[in-house]
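Remarks on the structure that follows.
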Amino acid sequence: MGIAKLALDGVWNHIATVCHGVELNTPADKSTFVVTEVRPDGIAITFKSKESIMNIGKAAFEGALRYLLEHGHHAGAPCEIRSSSSYVDAGPLCRASRTEKEPRNSTYVLPILKEMGLVGIEPRNSAGVSTAWYIA
C-alpha cells in the first residue's frame, strides 16, 4: 500500500465533515464548486455557475497525491498544474488524476485535497501558472 493511498484513506471519511457544503475555488480562482456527496469510492460536486454535477472517483485523488509524492513536489519544488480539458495538452499532474477518457478533474481534486491539509496550492501567478505541492 503506497503513501498516497494511506494518506487519502486516513482523511477520506472526513471530507464529508470538512468539505460538504463548503464553496471551494478552483486553483486559478476562475470558478467555484461545492462537494455535495461523499461515497466510499468517490465524491459528487456541484458547479455553482452551471448548476451541474460531476462525479469524481477516489482514484483521481490518489493519482494526484501519488504524482506529487513520487516526483518530490513539496513547497520548495511545486508542480505546475497545467489543467486542460484535452488529455494531450494537460500537464502530468492533471493526467495523473484521470484517464484519457475522463474529463479534467484536477481543478476540483486539488482544492479538496488542500482543504483536507494534504496539498498546498498557489493560485495563478503573474505568468498565469498555478502550482501545487504535497504537505508532509
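Each principal axis of the Cα cloud of segment 1-59 was evaluated for its coordinate range; sorted largest first, these ranges are 38, 23, 19 Å.
Averaging Cα coordinates gives a centre for segment 43-93 and one for segment 94-136; these two points are 4 Å apart. Helix-only mean residue ellipticity at 222 nm, the chain, DSSP H runs n ≥ 4 weighted -39,500 (n - 2.57), per residue, nearest 500. What is it? Computed mean residue ellipticity for the chain: -10000 deg cm²/dmol. The value given for the chain is a Kirkwood hydrodynamic radius of 14.7 Å, derived from the mean inverse Cα-Cα separation.
Bear in mind these aren't lab numbers, they're just calculated from the coordinates by the rules spelled out. For clarity, every value in this text was computed on a predicted model and none was experimentally measured.
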